[in-house]
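What follows draws every value from the coordinates through simple rules; no lab data is involved. Computed from a predicted structure; not experimentally measured. Neighbour counts are summed over all protein chains in view; Cβ atoms, including those assigned to glycine, are modelled from backbone coordinates with ideal geometry.
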Amino acid sequence: MSTKVAQIPMSPAIAALAAAVDLFCSREPAESTEALGWDLSHLRHQCDRLELEFSRSAAEFAATDEYDSQGFVSPIHWIRNNCNMGGGAAADRIAVGELAQSLPQSIHATEDGEIGFAHLALIGRTAAAVGNARSTRLDETELLNKALEFSGGRFRDFCDIARHAADAERYVRGEVQAVEARTLTIQPGENGLVFLRGTLDAEGGAAVRTALEPLARRNGKGDAREPNRRMADALIELAAHALDAGFVPQRASQRAHVQVTTTLETLIQRAGAPAAHLELSIPISAKAVERITCDCNVTRILLGADSAVIDVGRSKRQIPPATRRALNVRDKGCRWPGCDRPASWTAGHHFVHWTKDGPTDLSNLVLLCHRHWMVHEGGWQIVRVDAQTFRVIPPTLDFYQRLARGPSTATA
């Protein structure tokens, strides 16, 4: 694989620019917030001018075979490796530089600060696509007028519309290529963490965002989760709902679901009990087992001293269907204050867990969504005030102090 080229001395012009940048970076703070705002605007303009000069130089470099002599497969490959840029950004710079002569109005508008380099890059990309279409001429004036009028996002949409109008077949080929570029990697890390990395096409990304964003809204006044945390929780909640509802294809004639293997000692949280085994994960705590087993199918397996299976009992669901239907009618959805999850997105929570002789009847049950985690591992408590009112208590105060302060309540 090619590596970065050896360092060579800067040209006098670049050395002068570097000295000017050093001087600017050592400047005194702005005198006021208003002055800071204007400095920010002017600084962006100068950055855009430098981006334009970089684009001209990138196009000039791309016209040579220097990248090939250094062992790189393309000018974009060379720029990506030696200029610490992404491939898309490198391609944009080369495209703008190559079209600079044919886009004089847009170049002047960038130099004068009327549009930014981001708008110019969209104009250049659109010009390259439309210019290759048969019997189509680019109206630079129309593109520039829209760039002056629209924000970056709206102008991108306008450019896509123009590209489709110029060559619909090429536009479709781009969509096909984007679908073929879909990728998702799920890689385990230390301590059971799982890292996700992927790329989606525009339509696929829109579908995922449409599914996750309603689930990632804040649930009530006390929801202090950051946006990234809420999106991660939403992804897990969506997957759990798909498993619960049987939307995932069956495996070995059984619905796919998370499988936990635990000892009786772990299930009843006896001191010194081992952690439980979770399929496709590292061992999990007894608290996590308690939460999962609030509403699940339990299969009893007896093992001999040599770990040989002696007996396998019939799978039994802890909350019977009739009780669950009554629970759905009573609670109508998640009872966490401020939450709007419907009953189909919830699990039944035992106030007193069934392993501690808590009955599986309506008086000992409440519907909770993903916040079920908070009343087990999270240390929160949910208590019944009366037949229709529940109160949640954060884990920051003594139980009786929390109850006296009257935290959030949920009433049917």
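Numbers at a glance
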{"read-out": "Between helix 168-180 and the chain: long-axis angle, C-alpha atoms, 0 to 90°, nearest 10", "value": "50"}
{"read-out": "Distance in nm between pseudo-label sites at Leu148 and Glu53 (7 Å out along the Cβ direction from Cα)", "value": "2.7"}
{"read-out": "Built amide H within the under 5 Å cut-off of Gln381, gap 5+", "value": "Ile393"}
{"read-out": "Additional length obtainable on full extension of the chain from Val352 to Arg197, 0.36 nm per residue less Cα span", "value": "51.8 nm"}
{"read-out": "FRET efficiency for Leu243 and Glu111, using Cβ-Cβ distance with R0 set to 41 Å, rounded to 0.05", "value": "0.10"}
{"read-out": "Over the chain: helical MRE at 222 nm, DSSP H runs n ≥ 4 each giving -39500 (n - 2.57), nearest 500", "value": "-14000 deg cm²/dmol"}
{"read-out": "Sites His257 and Val383, calculated FRET efficiency, Cβ-Cβ separation with R0 30 Å, nearest 0.05", "value": "0.50"}
{"read-out": "Where only alpha carbons of the range 129-249 are counted, the Rg and the Dmax (Å)", "value": "20.4, 60"}
{"read-out": "Distance between modelled label sites at Gln46 and Ala224, nm, 7 Å Cα→Cβ extension", "value": "4.1"}
{"read-out": "Degrees, to the nearest 10: 152-166 long Cα axis against longest axis of the chain", "value": "70"}
{"read-out": "Added length on full extension, which subtracts the Cα-Cα distance from 0.36 nm per residue, Glu279 to Glu60", "value": "73.3 nm"}
{"read-out": "Computed Rg/Rh of the chain, alpha carbon atoms with Kirkwood Rh", "value": "1.11"}
{"read-out": "Inter-probe distance in nm under a simple model that places probes 7 Å from Cα toward Cβ, at Thr141 and Ser74", "value": "3.5"}
{"read-out": "Where only C-alpha atoms are counted, convex hull volume of the range 12-180 per residue in Å³", "value": "158"}
{"read-out": "Given charges at Cβ of Lys, Arg, Asp, Glu: the chain dipole, positive-most of Leu36, Ala242, Cys25", "value": "Ala242"}
